Amino acid sequence: MSDTALEPVRLVDYRVPAFLIDTVHLDIGLDRTQTRIVATLAIRRNPASEERGPLKLDGDSLLFVEAWLDGVPLQTRDCIALPQSFTLHHVPEGSFTLTIETRLDPSANTQLMGLYRSNSAYCTQCEAEGFRRITYFLDRPDVLSVYTTRIEASFQEAPALLANGNKIEDGVLNHGRHFAVWHDPFPKPSYLFAMVAGDLAVVRDSFVTASGRHVRLEIYVEHGKESRCTYAMDALKRSMRWDEQVFGREYDLDIFMIVAVSDFNMGAMENKGLNVFNDKYVLALPETATDLDYANIEAIIAHEYFHNWTGNRITCRDWFQLCLKEGLTVFRDQEFSSDQRSRPVKRINDVKTLRSQQFSEDGGPLAHPVRPEIYNEINNFYTATVYEKGAEVVRMLKTLIGDEAFGKGMDLYFERHDGEAVTIEDFIACFADASGRDLSQFMLWYRQSGTPEIRAEGVWDESGGTYALTLSQILPATPGQPQKQPMLFPIRLGLVGVKGDLPIRLDGEHFDGLVALTEPQQSFLFSDVGEKPVPSLLRGFSAPVKLAVDLDEEALLTLLRADSDPFNRWQAAQSYALKLLLRLVKDSATPIDPRFVEAISGILARGGDDPAFAALSLALPSEADIAREIGSDVDPQAIYGARTKLRSTLGSHLGAELLRTIEMMSIDGPYSPQARDAGRRSLRNVALELACANGSKAALAVAQAQFDNANNMTDEMAALNTLALSGTAAGEQALQGFRERYGSDPLVVDKWMSVQAMLPHETTLARVKDLMRDSAFSLHNPNRVRALIGAFSANNQTQFNRPNGEGYSFIADIILSIDPKNPQLAARLLVAFKMWRSLEAGRRALAAATLRDIAARPGLSRDVADIVQRSLA
Ligand code: ARG
Ligand code: ZN
C-alpha cells in the first residue's frame, strides 16, 4: 500500500475551539511570486472551552516571516512557526492581537487552493481548508470573525481589487501601485473569505430588495466576454427575487459580485458577497452555449446566491455537517429551477442525475452517509451523496411534514440560528418543533449509507373491492455498516385504472396519496377499488430508493397512458425499455416487443403537447443505467450492443414519424434559452439521434443540414454528436469543420473534445491520446482535463472499460501525472473506478491491478491515497 499515512478525522472527536478570533485584518501585498500577507487577529480564549494549553493555528505549506504579540515582535523562544502550524506557547489573559507575516508564491500554486493565479488574475479558493495556505488561522467553520481586507497591487496589473463585504476605502500609491480596503460586517468562517485582483471587465446592474435596499450587482470576466454575462445576470436577479418570495430571505450587503475564472476545481464558490465561478457556469451566448449550459448557469448562480443564507448567515459547525449547507442549498436551487421551468421535467432530470451519480456511489466502495462520521480528506466528500442525496433528504422532510410545517421550520431555522455554526441536529430540531413530530427515525437518513430497496406486492380482491399493498424495506450492507436500523420512507402512491387514478380509501378514510413506511414490513388496505388497479408507487420519486415491484408490460402501458403522476409516466417508459434491454443483454437475438415500439410511436404522436417531457420519455436508459440494474458481472460491450440494437430497431420502425417530429419541432426566429424552446429542441434532437441510429441516409442528411445551418450551439452540438456517432466520413468532416469554426474558444473546444472522448468506437482511445497533443489541451486546467479525460473515463463505458485494460492504465497514468500538481483534480478522476467491483471477472481483475498499482506509488497526495485505499478496501 502507499506510503501516504492517512490520519482520519472523526465526528465523535469534535471539541469547541479553544480560542475565538473576533476580528481579522488582512493586508495583502500582491506580487506574482512574492505576495506578502500580514494578518492581524484579535484573539481570546473561548469561554465555552475547558482547554488551557497553548494557541495552535493551522497552516499549509506557509513561509513564515515574522510575528508580533500586541505589537511587540515575538522571539523564537515564544513561538514555533512551521509550514503546517504556528504555536504560541504563553497565551496572555484576556484579548490580545497576534500579527503574523507570511510570503507566498501565487504563480506556483497549481492546486488551485488558497491564493493562486488564473490567467492574468489573482484569486482565492478557501473551502474547505485553503485559508491556511494564505495565513495561519483557526481554519475551521465554527470560528467566526469580522474581516477587513486591504489589497495592494500594481494598478496596471490589477485595476480591479475585490474582497468580501463593502468597499470602505481606495486610493493611489507610489510606483504605480494602488489599494482598496473591504469590510465585511457579517462574522464568517475562514472558508468564506475571498479576494480577487486583476485586469477584468465588469458588467453592472442593480437590484432593489423587498424592503427597499439598493444592491449593486457586478459580474467580472475577461475583457471581451462582457456580452456573455447577460443570462447569468438575469438568473441572479431572478434568484434574488425568488428567495424573497419563497423563503423570505433578503440580500444583506450593498454589493454582490461574481467573478468568472477559467481555472477552478469545482463549479463555483459562495464567498460572502464575492462568488467565484468556474467560467463555464457564467459565460453563455446562443452561439457558444447549449440549453444544458444555460440551465446549469441558472441553477449554479442560484445555488451560490442561496448559500448567502443557507451556508453563510448560518454555517456548519464542522465539515461533517457539510450537507447542512449543501443538501439544503441544492434542494433550494432545484425548487428555484422547478419554478422557473417545468417542475416535472426538472424532477425527472434531477432523479436521473441522482441515480447515475449517487446510486452508483452508494452501491460501491466509496459509499458514505449523507453526514459522514469519518474522513481522511474532506475535499473527497464534496460528493453526490452529500449534495444530491442531501437534497433528497430535505425534500422527504417537506413531503413528510407538509408544506406549511416545512415553511415554519425553515423560518424557525433562520430565526434561531442566524449568525451561528450549527449541526444537522439543530436543523432537524426546527422541523420537529414546527411540526410536533418526532423525527428521530428520520435522522437515520443522515447516518446510514447505501440505497434502500423497497419491495412492493399488491393483492386485489375483486369481490371486496380492496387492494392490500405490502411494502418492505431492505437495507444493504455498506462499508463500515453491516447492519442497519429500519428507516422512515414517505411513499406517495395511487392506484391507476384504465381511465386514470381510482378514487380510493385507506382504512376507510379518504386517502391523501401519502403513506409512511416505518417498519421492516407494513401492509396497507385500500378500499373502493372497483377495477383491477396498477399501483403507481413512489410518485414524484418521493424517496431516494430502488423500487422493486413486479409490473408486467400491460401494467406499465397502463401507467404510461393513464397515470396522473408525470414522473411515473416517465418511469413506466423507462422501466419498459429497461426490461427489454436486460433481455437483449442476455440474448442479443431477443425480438423487440412491438408493443414497446407502438408506445414510443404514441409518445412521438403526442410529442407536441409537452416536448421536453416527450424527449425524456424517448431517451432510452443509458449504458450506465443498465449496468447498475444488472449489478454484477457487468459486460459493458454487451450492454452497448443491446442498446444499439434497440435504438436502431426504433430508428428503422419509426423513421418516418421521427423525421416528422424533427420537422414539427423546428423553431423559426432567434434563439431563446427559455424552457419552452429548449424543450422543442430536446425533442427534435432525441428524434434526430434515433432516426440516425440505423444509419439512415435521409436522417443523416437532416443531421448534416442541421449542422450546417444551426443558429445555436444546442442544435449544432446535437448534429455534430449524431454525425460523429455515425462513424462516417461526414462525421469526421463535421468534427474538423467545427474545430475550424471555434478554434480559439476554450469552452466550445471543450465540447468538441468531449464529443470525441465519448465515441463508443475502437479508435477512441487513440483519438483521445492525439487530442492531448492538441494546442488547446492542457493537463493543468481542470475544465480541459474534465472535458477530454473525464468524459472518457466517466462517460465512455465501452472504451474506458476496454477488455484489455488499456483504458484503465491510460487513466492511471494521467492521474499519477496530475496528482503532484492538483490532487483534487486527480482524486476526482480516480472516482471513475467507483463501480469496478461490479464488472465481469476479466475487467474486474484488470481494474483491481490498476488500482493496486496506483496505491503502491510513493508520494501520493492524501486525496488520491484516500480514494484508492477506500476503493480497494
Ligand atoms: N461550496 C461550493 C458549492 O457551492 C463548493 C466548493 C468546494 N470546493 C472544494 N475545493 N472542495 O458547492
Ligand atoms: Zn454549494
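The values are calculated or read from the model by the stated rules, or taken from the named source; none is laboratory data. Here the structure is a predicted model, which means the values were calculated and not measured. Positions of Cβ are backbone-derived with ideal geometry, glycine not excepted, and every protein chain shown enters the neighbour counts. Ligands, DNA and RNA are stripped out before the accessible areas are found, and what is left, the full protein with its side chains, is counted by its heavy atoms. Shrake-Rupley method; radii C 1.70, N 1.55, O 1.52, S 1.80 Å.
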So, relative contact order of segment 128-270 in percent, Cα under 8 Å, 6 or more apart, is 21
For segment 770-873, alpha-carbon Rg relative to the globular expectation (2.2 N^0.38 Å, N residues)
1.01
Add +1 for every Lys or Arg and -1 for every Asp or Glu among the other residues with Cβ under 11 Å from the Cβ of I789, and state the total.
+3
Angle between the Cα long axis of helix 424-435 and the longest principal axis of the chain, 0 to 90 degrees, nearest 10?
60
Considering only C-alpha atoms, what is the centroid distance from segment 107-160 to segment 796-873, in Å?
32
Relative contact order for the chain: what is it in percent, counting Cα pairs under 8 Å that are at least 6 residues apart?
10
With label points built 7 Å along Cα→Cβ from the Cα atoms of E287 and H214, find their separation and express it in nm.
3.6
Loop-only check: which GluC sites (Glu not before Pro) in segment 65-171 are DSSP coil with at most 11 other Cβ within 10 angstrom?
E93
Tally Lys/Arg at +1 and Asp/Glu at -1 over every other residue whose Cβ is under 15 Å from the Cβ of E623; what's the total?
+3
Enumerate the lysines that K645 could reach by cross-link, defined here as Cα to Cα under 22 Å, with residues fewer than 8 away along the same chain left out.
K579, K586, K697
Under 5 Å between amide H atoms, partner at least 5 residues away or on a different chain: which partners does I314 have, H built in plane at 1.01 Å?
G419
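Of all trypsin sites (Lys or Arg not before Pro) in segment 586-630, which ones are in loop regions per DSSP and have a Cβ with at most 13 other Cβ atoms within 10 Å?
Taking segment 586-630 and a limit of 13 other Cβ atoms within 10 Å, the loop trypsin sites (Lys or Arg not before Pro) found are R606.
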Theoretical ellipticity at 222 nm over the chain - DSSP helices of four or more residues, -39500 (n - 2.57) apiece, nearest 500
-12000 deg cm²/dmol
Return a whole-number percent for the relative contact order of segment 329-391, with Cα pairs under 8 Å and 6 or more residues apart as the contact set.
39
All lysines inside 24 Å of K389 as judged from Cα atoms, apart from same-chain residues fewer than 8 positions distant
K325, K346, K352, K398, K408, K484, K546, K834
Quick one: net charge of E840's neighbours, Cβ under 10 Å, K/R +1, D/E -1?
0
Residues V16 and A516, FRET efficiency given R0 of 22 Å [Cβ-Cβ distance, rounded to 0.05]
0.05
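What are the semi-axes of the equivalent ellipsoid of segment 301-411, taken as the square roots of 5 times the eigenvalues of the Cα gyration tensor, listed largest first and rounded to whole Å?
The answer is 22, 18, 13 Å, longest axis first.
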Sorting check: for 57-63, 759-765, which peptide has the highest mean count of neighbouring beta carbons within 10 Å, and how do the rest follow?
57-63, 759-765
In this structure, the FRET efficiency calculated for E762 and R103 from their beta-carbon separation, with R0 = 51 Å, to the nearest 0.05, is 0.45
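Above 43 angstrom, tally the Cα pairs of the chain and express them as a % of all pairs, no decimals.
On the way: 124853 of 380628 pairs.
For the chain, the share of Cα pairs beyond 43 Å comes to 33 percent.
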For segment 546-742, the fraction of alpha-carbon pairs in successive 5 Å shells from zero, as %:
1, 7, 15, 18, 19, 17, 12, 7, 3, 1, 0
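For D507, D677, D31, D770, give the ranking by accessible area with the largest first, probe 1.4 Å. Present the calculation step by step, with values, prior to reporting the outcome.
Numbers: D507 120, D677 20, D31 60, D770 90 Å².
Highest to lowest solvent-accessible surface, that is D507, D770, D31, D677.
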